[in-house]
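The values are calculated or read from the model by the stated rules, or taken from the named source; none is laboratory data. These numbers come from a predicted model, not from an experiment. Cβ placement follows ideal geometry from the backbone for every residue including glycine, while neighbour counts extend to all protein chains displayed.
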Amino acid sequence: MSGGRTRAVLAEDSALLRAGLTHVLEHAGMEVVGVAGDADRLLTLVAELRPDLAITDIRMPPTQTTEGLRAARHIRRDHPGVGVLVLSQHVETETLFELLGDDPAGFGYLLKDRIADVAEFTAAVGRVASGGSVIDPDVVARLVARGRRDRTLDRLTDRERDVLGLMAQGRSNLAIAQALVLSDKTVETHVGHIFSKLGIESTGQEHRRVLAVLTALGRGG
């Protein structure tokens, strides 16, 4: 980071949304060092500028299908030090798992509607840029619902499901405690029970536990 500021590049084919996102990020104290209207230009900017973060829409010109997805995959593979935040118009869980790979550190997946909540959006951007993980709450809710249909979550209590949803969003135990008005110790106990009941090994690494939880939910355990 230059002077402590997060350096970001932004790819979005809508000029209006590009301008709006640039304003939001710069108002939050970040530095937008490059903008792109297509995925190829995004990849060029990342290679040349080596930013802290790349933000891209999944669907980009010329076909409006998977250009942004492919660019995000290339950045994750070729520039592991660059955080990647993917924006999507719709929930696409298979895309999420493809991008997560084996390590969700420095990765985020948000629906475009989330941009409207500027504070929440900029907090998510900062978390990804600093190596954390962010998964849109609507995506998490869909995965939790799938887990319940598959009876994956039948063994969890209602409170444990609440904790699970926040874990999958990348929240720390402290943040979960604040959100649910619980003590840190109580949250720690719930997390331990969740790992035990879902058969997930606790590694003590926040991004690894996000991957483990999402994998358990999205792939049926």
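Values for this structure:
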{"read-out": "Members of the range 1-53 that are among the hydroxyl-bearing types (Ser, Thr, Tyr) and touching a residue at least 12 places away in the same chain (Cβ under 8 Å)", "value": "Ser2, Thr6, Thr22"}
{"read-out": "Selected residue (criterion: surrounded by the fewest Cβ atoms within 10 Å (Cβ to Cβ)) from residues of the range 38-69 that are more than 17 Å from Lys112 (Cβ to Cβ) and modelled with pLDDT under 90", "value": "Thr63"}
{"read-out": "Breaking point among (1) modelled with pLDDT of 85 or more; (2) polar (S, T, N, Q); (3) touching a Lys or Arg at 6+ places or on another chain (Cβ under 8 Å), for Thr189", "value": "(3)"}
{"read-out": "Residue in the range 2-28 that is nearest to Ser130 (Cα to Cα), counting only those that are in a loop (DSSP other than H, G, I, E, B) and within 20 Å of the chain's Cα centre (by Cα)", "value": "Thr6"}
{"read-out": "Yes/no for Thr44 being more than 19 Å from Arg127 (Cβ to Cβ) and in a loop (DSSP other than H, G, I, E, B)", "value": "no"}
{"read-out": "Checking Val32 against (1) out of contact with any Ser or Thr (no Cβ under 7 Å at 6 or more places or on another chain); (2) β-branched (Val, Ile, Thr); (3) surrounded by fewer than 21 Cβ atoms within 10 Å (Cβ to Cβ); (4) over 21 Å from Ala168 (Cα atoms), the condition it does not meet", "value": "(1)"}
{"read-out": "Members of the range 75-87 that are free of Cβ contacts under 8 Å to residues at least 40 places away in the same chain and surrounded by 16 or more Cβ atoms within 10 Å (Cβ to Cβ)", "value": "Ile75, Arg76, His79, Val82, Val86"}
{"read-out": "Yes/no for Asp113 being under 16 Å from Val125 (Cα atoms) and either over 19 Å from the mean Cα position of the chain (by Cα) or assigned to a helix (DSSP H, G or I) (or both)", "value": "yes"}
